[in-house]
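I have placed the structure first, in the form of structure tokens, so that the comments after it can refer back to it.
The values are calculated or read from the model by the stated rules, or taken from the named source; none is laboratory data. In this text, all values refer to a predicted model and were calculated from it rather than measured experimentally. Glycine also receives a Cβ, built like all others from the backbone with ideal geometry; neighbour counts cover every protein chain displayed.
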Amino acid sequence: MSTPLPRPKKKDPQKRSVAATRPPEMRSRAAMHLTAAAAEGRLVMQCCSECNELLYPPRDACSNCLSTDLSIQDIASGGQLIAETTIHASPRLFFRERLPWRTGTIKLDAGPVILAHVHPDVTKHARVQVEHRLDRAGQGVFLALPEQATPHMEDEPMMRELSANPKHRRIFLTDAKSPHAPALARALLKAGASEIYAGEPESWRPHPNAAVLKDLGVEILPMDVTDEASVRKIAGEIGGKTDILINTAQFMRPGGILSRGDTGFARDELEINYLGLMRLAQAFGPSMCARTADGVNSAVAWVNLLSVGALTNAQPFGAFSASQAGAYSISQALRSEFRSAGLRVMHVFSGPTEEDEWYQQLPPPKVTSNALGRAVVDGLERGLEDVWCGDIAKDFRDRFRRDPKVLERELTMGEDGA
Amino acid sequence: MSTLMDFASNIANGKTKVIDLTHTLDPDFPVIVLPPEFGQCARFRMEEISCYDHRGPAWKWHNISMSEHTGTHFDAPAHWISGRDLPNASVDEIDVKNFIGPICVIDCSDGANQNDDFELTVDIIKDWEAIHGTIPPNTWVFMRTGWSKRKGMEYLNMKEDGPHSPGPTPEAVRLLVEERDIRGFGVETVGTDAGQGAHYIPPYPAHFYLHGAGKFGLQCLCNLDQLPATGAVLLAAPLKIKNGTGSPLRVLALVDNE
Amino acid sequence: MTAPESYDGVVLCAPFSTPYQRYSLDTAHYWIATALRGSLRLADLSPKDLDGFSVSSFTLFPDTAVGLTQHLGLSPRWLDSIPMGGASAGVAVRRAARAIQCGDADVVACVAGDTNHIDSFRQLLSSFSRFAVDASYPYGYGGPNASFALLTDRYMHEFGATREDFGKICITQRENALRNPNAIMKKPLTMDQYLNARPISDPIALFDCVMPCAGAEAFLVTSEDFACKRRLPYAKLSAAIERHNAHHSDHIQLRGGWTVDIDTLWNQAGLGPSDIDLLQTYDDYPVICMMQIEDLGFCAKGGAADFLRDKNLTISGDFPHNTSGGQLSAGQAGAAGGFIGMVDAIRQVTGQANSTQVENAQHALVSGFGMINFDRGLCTSASILSTGALA
């Protein structure tokens, strides 16, 4: 695109909102292994472990040696566009509404031949860079981009459908008091967000973020995720303008189960981290789902910031980890409940963060708010579903995937005794 | 007619006014905030069970949650360490006749208007008594400050060194408790002690001395400006919570209508 | 590879086509039954005389050939289902021929038919094949139009064919169709109309695409003895080949399975391309017609556009091609699109083609292609029919 995507005009209130339609969702189980990789932005192929043949489309036995020992491998992203077509007729509503749509045959440097979405800036028969993204049905698809990035490449309608780009979108941070709120606001504004709202609980208590956010032009609204009426009220006011919701509300205290001595802080952890998320979803979910096809600034993503303790319980934050596990499970439920509307649920996992004072006693590496902000923006720009921010998060992920039981053991070691 | 019947008809005909000294219990009302490592006072929350809908077609109701010390509330002697060993120290054991009684209102609004940390001192009490007479035993004493009119952040008025709101000096409390034998102390702020009360010796002297002597506290009162300095009668009965240290309640004052 | 036995003694007869209908409220069962009855009547046979039955259909679900036996009151000792789309007829005759030769059946009815409801096409696409679901439809859901557009794009790039070259095929088939009373298309087609047609999926436009409709085609396979005894006009099966998933390492499909076994075809028939009087290619898209013309040996790979340039592809021309008008002009009745060439070829070599008759048609080459599983057609077949007994 030679000109950047212009800021959308105000919506005509007399017009019906376009309902969401989706690309086809059906995939075989083997193909969903590719989707799982696309959720993290990884370009992969199925590979035969016995003869190393790369197999595409994904299948259940190697077409070279008939072995059923198949795995998923990351591959190089280069390829050649060897044939293309621009579709002008499709019986599938999603594509019908977005014609013409360019698609092509790519010969990957890694070997296999794939079909892919082709960016309008790719010249005929050129070399391409292939990316693996999730489409609006939440399934993995290949995207062929020009080898060198072109100006405003991300602004193409095709790219807007294959991402949750914050550019020109209105974003709601659910807790202005989160230590990460200022950095998130900065990162999102830099990425082109048109408006940022932030919910502020307990306005009767001062907090340092208020001035900072105000300076950034963030609109502060009173909202407490533990107060059902408050959440509904704000959802009633801005739910129809929330294109991306980032849940920054979090309550955390150190302590395992026994050391706490009571359930007081645990109740707060559940109230905010678990029930708060549920209240937000009930209040904001329907309006966001109704607007996923609402033009340039359609509703597009729900972002949860989670501790890696969600994956497996991590002391000395045992009780907090439990609340994160609950929040994670709710988010997974939301994935199924938002799926038909095409609303992406993105998890950004991190280990201990620098700005969160309760992590003070844990050793580095810690994730800074700026890094978290960059990870959120990058995840939205690439339409990711699972983002692992920082070394600890990646380490947890890798160990968990290798063997969750071994990781559980590693994290629950006792003290040296007799 | 009996005294009680006269009393009832006086309320009905407006000869006796009923003043509501209670803040509405709502989720936005501030509660006391302690250092983050300590257990905190729950805010008032309401969850709808149903609202004439599929969850309950012909009725509306809520589940509510709060601390004993949320909103306009009563402090029992069991609330403070100094009162822990006293008999009848919890709300369910206090003799109910204590929930009705006369009120003396000491107006500190001018002072509080000019100084967030305004102190109720022995001198102020003595000056008040010079006009209105000695405070009788078993009376409620209210410190009127106008603080109930403050909204939002100005109510707790938290600065970098903690909250700043008016309250009594240790000497003033000792005078009221040990020499005047008052029944209880009531305030418009979130605590019977001053916002900076932690810095007195002993810390939080109002709680310390009041509850140590089996006396009561009332917090987050409002409309004290509608009460005469003397002559109003208080109705303040906390919930009968087992081993409770206090409860939100409806605080009413009866005043002769002149 | 072993050289296959000849098909001596095997004949094809009783070619029957139902009229085609754009949309139909009736079922595939209805259309198949209609074609079967028509074919049996031509041979003066009743269903009881049938002991072999071969079915090709996309819209029979939840039934298969099995359900049809009870539905139609048949009790065959030989039953087959050929789910190979446009290659089905060529495969059906090979199966039926061997059954006849070995005495596993005396008369085999080969039938292909489909209905076409308003939503049939979309439903057919939605679960066409696993690879299509996983790796093709998510990319624009253009269906076979998009898939063949990609092949056409590459073919044009590699071999320099132009849209006009493809247009010639479509236009001449339309001319042929105008002589076929059963054809769905009734108006002539000009090059101008062809070139300026509504784009479907570049470079494919409206007249490069078949029109899906409802209908059925049928013929009988039996022994020469049987046909002679009943004085039925019949065609001899001079040769037949099939091949599936050929050249799977090719990055993109520019050639089909015919190239692998083409020598077998000509050797079996004892003929060469110059002996062929009419060619029925599987014409889902004109690019595939060109591919078949090359792969069947009429010219070198990539040379079809040049080869056709000076040829007349009409019924009365020097290279009669898709004499019924083919699917592009007669219509594609689902799986029957894979039979239309075979059924018309039987008529041609037995002198029963009436208004579409190619003069002195003695040898016909019928080519089949089908089942685009992901990015290429997997099934190919080819048969050579020769005059046995004229009508």
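Summary of computed values
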{"item": "Matching residues, the range C:146-183, being within 14 Å of another protein chain (Cβ to nearest Cβ) and either of a type in the set (Ser, Thr, Tyr) or free of Cβ contacts under 8 Å to residues at least 40 places away in the same chain (or both)", "result": "C:Ser147, C:Thr152, C:Tyr155, C:His157"}
{"item": "Subset of the range B:152-183 that is assigned to a loop (DSSP other than H, G, I, E, B) and within 14 Å of chain A (Cβ to nearest Cβ) - its residue that is surrounded by the most Cβ atoms within 10 Å (Cβ to Cβ)", "result": "B:Ser165"}
{"item": "Residue in the range B:111-127 that is under 16 Å from the mean Cα position of the chain (by Cα), surrounded by 13 or more Cβ atoms within 10 Å (Cβ to Cβ) and closer than 19 Å to B:Gly212 by Cβ present", "result": "yes"}
{"item": "Residue in the range A:358-374 that is among the charged types (D, E, K, R) and farther than 15 Å from A:Leu311 by Cβ present", "result": "yes"}
{"item": "Residues of the range A:227-270 classified as in a loop (DSSP other than H, G, I, E, B) and either closer than 19 Å to A:Val303 by Cβ or touching a His at 6+ places or on another chain (Cβ under 7 Å) (or both), total", "result": "7"}
{"item": "Filter result for A:Ser63 (surrounded by fewer than 22 Cβ atoms within 10 Å (Cβ to Cβ), in contact with a strand residue (DSSP E or B) (Cβ under 7 Å, 6 or more places away or on another chain), of a type in the set (Gly, Ala, Ser) and at the interface with chain C (Cβ under 8 Å from one of its Cβ atoms))", "result": "yes"}
{"item": "Candidates C:Gly86, C:Gly38, C:Gly90, C:Gly52 - the one that is crowded, with 21+ Cβ neighbours inside 10 Å, under 22 Å from the mean Cα position of the chain (by Cα), within 17 Å of C:Gly215 (Cα to Cα) and not aliphatic (A, V, I, L, M)", "result": "C:Gly86"}
{"item": "Filter result (basic (Lys, Arg) and without any contact (Cβ under 8 Å) to a residue 60 or more places away in the chain) within the range C:60-118", "result": "C:Arg77, C:Arg95, C:Arg98"}
{"item": "The range C:94-115 - residue that is closer than 29 Å to C:Asp284 by Cα and out of contact with any strand residue (DSSP E or B) (no Cβ under 6 Å at 6 or more places or on another chain) and, of those, surrounded by the most Cβ atoms within 10 Å (Cβ to Cβ)", "result": "C:Asp114"}
{"item": "Qualifying residue in the range A:7-15 (condition: under 24 Å from the mean Cα position of the chain (by Cα), surrounded by fewer than 14 Cβ atoms within 10 Å (Cβ to Cβ) and more than 11 Å from chain C (Cβ to nearest Cβ))", "result": "yes"}
{"item": "Single residue of A:Met223, A:Met278 found to be crowded, with 23+ Cβ neighbours inside 10 Å, free of Cβ contacts under 8 Å to residues at least 60 places away in the same chain and within 13 Å of chain B (Cβ to nearest Cβ)", "result": "A:Met223"}
{"item": "The range B:18-47 - residue that is touching a Leu at 6+ places or on another chain (Cβ under 7 Å) and more than 7 Å from chain A (Cβ to nearest Cβ) and, of those, surrounded by the most Cβ atoms within 10 Å (Cβ to Cβ)", "result": "B:Leu21"}
{"item": "The range B:48-84: number of residues that are closer than 22 Å to A:Gly261 by Cβ and either acidic (Asp, Glu) or surrounded by fewer than 19 Cβ atoms within 10 Å (Cβ to Cβ) (or both)", "result": "4"}
{"item": "Some residue of the range C:326-345 being among the hydrophobic types (A, V, I, L, M, F, W, C), free of Cβ contacts under 8 Å to residues at least 24 places away in the same chain and outside the structural domain of C:Thr59 (by TED's automatic domain parsing)", "result": "no"}
{"item": "Test: residue in the range A:75-98 that is without any contact (Cβ under 8 Å) to a residue 40 or more places away in the chain and more than 10 Å from chain C (Cβ to nearest Cβ)", "result": "yes"}
